[in-house]
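Visitor: Handing you a structure now.
The values are calculated or read from the model by the stated rules, or taken from the named source; none is laboratory data. Only a predicted model underlies this, so the values are computations on that prediction, with no experimental measurement involved. Ideal geometry is used to build each Cβ from the backbone, glycine not excepted, and the neighbour counts take in all protein chains shown. Note: areas computed on protein heavy atoms with side chains; ligands, DNA, RNA excluded. Shrake-Rupley method; radii C 1.70, N 1.55, O 1.52, S 1.80 Å.
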Amino acid sequence: MRWQLTWNIVTFLFWKAIKMASLLVAISFISFLLVKNSPIDPIQAYVGADMLNVSQEQREKIEEYWGLNQPVMEQFMSWSSAVLSGDLGTSMIFRLPVSEVIGERFLNSIALMSVAWVLSGVIGFSIGILAAMNTGTWIDRMIKWYCYTLASTPTFWMGLLLLIVFAVWLNWFPVGMGVPAGVLAEDVTIMDRIKHLILPALTLSIIGVANVALHTRQKLIEVLSSDYVVFARARGEKGFTLFWRHGLRNIALPAITLQFAAFSELFGGAVLAEQVFSYPGLGQATVEAGLRGDIPLLLGLVLFSAIFVFVGNVIADLIYRVVDPRTREGKSYAVKQ
Amino acid sequence: MQLSNKQLLKQPLNKRQRTLLVCIGLSIVVCVVVLTGILLDENRIATNLEVRNSPPSLDHLFGTDWLGRDMFSRTLMGLSLSIGVGLTGAIGSATISVILGLVAATMGKVADSIVTWLIDLFLSVPHLVSLILIAFAFGGGFKGIVLGIALTHWPSLARVIRSEVMQVRSLDFVQVSKKMGKSRWWITKEHMLPHIIPQMLVGVLLLFPHAILHEAAVTFLGLGLSPQEPAIGIILSESMRYLSVGMWWLAFFPGICLLFIVRMFDKIGDNLRMLIDPHHAHR
């Protein structure tokens with residue numbers, strides 16, 4: 001049995017890895033073509049305002065140095081072979097290797113995203129339960145209304161509102177940036193970092209709650225109308241004990257997997273929240289790269305975000321396979337046949 | 001009309017009638033917003049340095065900005081522009097998903113796995129990142145943003161349509177039609193398409209909120225519509241510079257109007273789905 005399970009997981013991961021590889025190749029190819037198609041001139045983007053001082057000759061030299069005069073396919077081949085050997089190129093705006101920029105930014109972003117992820121998961125799960133346990137009452141209606149409204153709220157607008165209320169009116173939090181301005185890097189305390197993290201994280205969690213809450217509510221209502229809960233009710237169980245004994249385990253798993261599968265939205269939300277609060281994370285780097293034509297960085301970020309989303313999805317699938325006894329037994333049963 | 005008739009008023013409307021009424025009401029509101037946005041002339045948002053930075057008042061419902069432009073008119077114009085972009089994008093997206101969904105479900109196994117792989121491909125990069133990439137590739141502006149929305153939002157609807165067509169495919173009349181020697185294309189055109197048109201309509205309406213929010217987001221980030229146009233995203237990103245001085249009305253009103261419009265479309269879509277497809281109404 002045990003062996004069977006491990007074997008299942010290994011084959012599953014193997015197929016996932018192959019799929020990931022095929023997707024990554026396609027993504028890098030398509031994004032490379034898209035970026036090459038862009039009317040934004042990479043040399044002009046690199047040189048900036050000094051473009052007038054660059055003669056035609058120098059220009060051609062830069063083109064030759066970067067290999068821009070070669071056919072697109074050859075450029076793609078040389079870029080992708082460099083990527084395969086771990087070299088993502090050099091970012092034009094930061095004048096640093098792309099992998100370094102992404103690594104540093106990712107540390108900032110992961111702090112922000114994980115806080116928001118946990119907060120939105122926990123809050124969403126709880127209010128989803130609250131709504132389902134009180135179906136049809138004003139609590140349920142209010143929570144439902146709140147969630148549907150949130151689903152139509154622009155993330156960046158929510159960020160702006162929080163900024164107005166907490167940073168401008170109440171003056172509780174700084175207006176932006178990851179660390180206080182004009183302070184040396186070694187003087188930045190952990191408190192400063194936390195202070196700068198709260199508002200963007202709050203923005204992301206407020207928006208992220210809706211999905212989990214609605215899903216949990218739906219699932220719990222289904223569970224509550226099942227035969228075994230009706231029987232438990234007939235035996236006299238009610239309220240929290242009923243939920244604890246029969247509800248929680250059935251709805252926890254879908255909620256957790258949903259949270260993992262929502263990495264894509266989390267990343268998208270982080271782009272907006274980081275831009276509003278000028279928090280130096282991956283999202284802000286993506287916007288900068290797009291605005292200022294930093295092609296190596298943009299391509300690197302696209303690949304990185306794809307891997308990030310994919311990891312989330314694989315974890316979600318794995319949890320289902322490993323944790324849920326029903327799918328496990330179902331699998332081994334299917335194999336036996 | 002009927003409303004003056006007390007007898008009729010007392011009779012409670014049934015759920016279908018109420019849903020229809022809500023749909024009609026909301027559609028009228030949306031139409032009014034779009035029409036006023038289009039019909040308002042440019043003078044309303046002309047620079048007027050005498051009334052700079054004034055908070056909301058009866059003259060200027062939403063206040064004015066640092067150039068003395070009336071925020072109410074700007075918001076309305078921005079909304080109608082955003083609705084236009086959102087609708088174009090959503091329709092484009094729905095067209096792609098109908099074609100791919102039909103291809104996946106009727107053209108055999110190979111086509112199906114290709115389309116599924118394509119769906120996975122487009123879902124594997126966060127929407128916002130691919131939107132930034134596409135907007136960058138087409139140099140921003142109206143074309144970039146509409147193409148971006150159309151190219152990124154189709155996968156979810158394509159999945160729905162694919163499973164719908166798969167269901168229809170196994171029904172008796174399709175089987176009979178096959179036995180009678182009708183071609184694949186004929187069956188698709190005559191038997192499948194009519195079945196998925198309602199799904200498609202609802203799909204467009206439910207795609208629309210995502211489309212308009214993403215349009216506003218990309219424009220807000222500075223990669224979408226050009227700064228001269230009165231789009232909601234532009235208004236909000238401009239307002240960021242003035243928030244720290246306390247000019248909250250610049251961001252608050254345009255945002256809440258966008259929220260209302262998006263919510264309305266969502267509601268119309270949900271209600272329509274309830275009318276067309278009662279089985280899935282409770283979801």
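Visitor: What residue, of B:THR95, B:THR88, B:THR116, is within 12 Å of chain A (Cβ to nearest Cβ), surrounded by fewer than 23 Cβ atoms within 10 Å (Cβ to Cβ) and either hydroxyl-bearing (Ser, Thr, Tyr) or outside any helix (DSSP H, G or I) (or both)?
Guide: The conditions single out B:THR116.
Residue-wise test of (1) part of a helix (DSSP H, G or I); (2) at pLDDT below 75; (3) farther than 30 Å from A:VAL314 by Cα; (4) not aliphatic (A, V, I, L, M).
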| position | (1), (2), (3), (4) |
| --- | --- |
| A:PHE12 | yes, no, no, yes |
| A:MET20 | yes, no, no, no |
| A:LEU24 | yes, no, no, no |
| A:ILE27 | yes, no, no, no |
| A:PHE32 | yes, no, no, yes |
| A:ALA45 | yes, yes, yes, no |
| A:GLN70 | no, yes, yes, yes |
| A:GLN75 | yes, no, yes, yes |
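Visitor: Which of the residues spanning the range A:73-109 are of a type in the set (Val, Ile, Thr) and open to solvent by 60 Å² or more (accessible area, probe 1.4 Å)?
Guide: Of everything in the range A:73-109, just one residue is of a type in the set (Val, Ile, Thr) and open to solvent by 60 Å² or more (accessible area, probe 1.4 Å), namely A:THR90.
Visitor: With the requirement that a residue be farther than 20 Å from A:GLY121 by Cβ, in a helix (DSSP H, G or I) and touching a helix residue (DSSP H, G or I) at 6+ places or on another chain (Cβ under 8 Å), what does the range A:218-238 give you?
Guide: Within the range A:218-238, A:LEU224, A:TYR228, A:VAL229, A:ALA232, A:ARG233 meet the criteria.
Visitor: If I ask for residues that are open to solvent by less than 50 Å² (accessible area, probe 1.4 Å) and either of a type in the set (Asp, Glu) or more than 25 Å from the chain's Cα centre (by Cα) (or both), which ones from the range A:137-164 would you list?
Guide: A:ILE139, A:ASP140, A:ILE164
Visitor: Please name all residue pairs, on different chains or six or more residues apart, with Cβ atoms under 7 Å, provided the first residue is in the range A:150-171 and is under 22 Å from B:PHE265 (Cβ atoms) and of a type outside the set (A, V, I, L, M, F, W, C) and the second residue is modelled with pLDDT of 80 or more and open to solvent by 40 Å² or more (accessible area, probe 1.4 Å).
Guide: Cβ pairs passing all conditions: A:SER152/B:ARG263.
Visitor: Quick check: is even one residue across the range B:202-223 over 30 Å from B:GLY101 (Cβ atoms) and surrounded by fewer than 24 Cβ atoms within 10 Å (Cβ to Cβ)?
Guide: yes
Visitor: Would you pick out the residues in the range B:131-174 that are over 17 Å from B:THR88 (Cα atoms), part of a helix (DSSP H, G or I) and hydroxyl-bearing (Ser, Thr, Tyr)?
Guide: B:SER156, B:SER163 - these are the residues of the range B:131-174 that are over 17 Å from B:THR88 (Cα atoms), part of a helix (DSSP H, G or I) and hydroxyl-bearing (Ser, Thr, Tyr).
Visitor: Could you tell me how many of the residues in the range B:104-113 are open to solvent by 50 Å² or more (accessible area, probe 1.4 Å) and of a type in the set (A, V, I, L, M, F, W, C)?
Guide: Adding up the residues that qualify gives 2.
Visitor: Here are some conditions: (1) among the aromatic types (Phe, Trp, Tyr); (2) surrounded by fewer than 21 Cβ atoms within 10 Å (Cβ to Cβ); (3) under 30 Å from A:LEU160 (Cβ atoms). A:TYR228 meets all but one. Which one does it not meet?
Guide: (3)
Visitor: With the structure loaded, tell me whether B:PHE142 is over 19 Å from the mean Cα position of the chain (by Cα) and open to solvent by 30 Å² or more (accessible area, probe 1.4 Å) or whether it fails that test.
Guide: The answer is no for B:PHE142.
Visitor: Among the residues of the range B:175-217, what is the count of those that are away from every other protein chain (no Cβ under 14 Å), assigned to a helix (DSSP H, G or I) and of a type outside the set (Val, Ile, Thr)?
Guide: The number of residues fulfilling the criteria is 19.
Visitor: Name the residues in the range B:233-258 that are modelled with pLDDT of 80 or more, open to solvent by less than 10 Å² (accessible area, probe 1.4 Å) and either facing chain A (nearest Cβ under 8 Å) or more than 19 Å from B:VAL34 (Cβ to Cβ) (or both), would you?
Guide: Within the range B:233-258, B:LEU236, B:GLY255, B:LEU258 qualify.
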